[in-house]
Amino acid sequence: QVQLAESGGGLVQAGGSLRLSCAASGSIGALNDMDWYRQAPGKQREMVAASSWAGSRNYADSVRGRFTISRDSAKNMVYLQMNRLKPEDTAVYYCHASGFTPGSDYWGRGTQVTVSS
């Protein structure tokens, strides 16, 4: 089993920055995707930024140019640098990872990000 632990959330003013971290531990084989999702109150969970083992990076249109996902595969860590934060970025941010075998899909418990106007 793989455990994911997020850290780095908090309260920040609009225009500010935060850096989220996610550490994977447990029975880790190679992890394929390591991603960040978020869920705002009353809304569905959405992908924010995704990274693959092969090195590809994808971003939601709403965060492209402001957020950057990075990954340290040797340490099983993934990060999300969030700049120029907006109140609409307020949500619980979740780390997600998947392995190369079917059914290997993992979620963290989430970290709250609140952006005040």
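Couple of notes before you dig in:
- The simple spin-label model puts a point 7 Å past each Cα toward its Cβ; for Lys43 and Thr101 those points are separated by 3.6 nm.
- Counting only protein heavy atoms and a 1.4 Å probe, the range 49-117 has 52 square angstrom of accessible area per residue.
- Modelled label reach - Arg84, point 7 Å along Cα→Cβ, the range 31-71 residues with backbone N closer than 13 Å: 62-68
- Solvent-accessible surface (1.4 angstrom probe) belonging to Thr90, in square angstrom, nearest 10: 40
- Applying the Karplus relation 6.51 cos²θ - 1.76 cosθ + 1.60 with θ = phi - 60° to the range 52-61 yields 3J(HN,Hα) values of 10, 4, 6, x, 6, 9, 9, 9, 5, 4 Hz, where x marks Gly and Pro.
- Packing-based ranking, highest mean first, of 42-48, 17-23 given that Cβ atoms within 10 Å are counted: 17-23, 42-48
- Protein-only accessible surface at a 1.4 angstrom probe places the residues Trp107, Trp36, Trp53 in the order Trp53, Trp107, Trp36, largest first.
- For the chain, alpha-carbon Rg over 2.2 N^0.38 Å: 1.01
- The gain in end-to-end length when the Gln3 to Ser70 segment is fully stretched comes to 22.2 nm, 0.36 nm per residue minus the alpha carbon separation.
- Remark: the Ser17-Ser56 segment gains 11.7 nm on full extension, using 0.36 nm per residue and subtracting the alpha carbon distance.
The values are calculated or read from the model by the stated rules, or taken from the named source; none is laboratory data. The model shown is predicted, which means the values in this text are computed figures rather than measured ones. Here the Cβ is made from the backbone with ideal geometry for all residues, glycine too, and neighbour counts use every protein chain on show. With ligands, DNA and RNA removed, areas are computed over all heavy atoms of the protein, side chains included. Shrake-Rupley method; radii C 1.70, N 1.55, O 1.52, S 1.80 Å.
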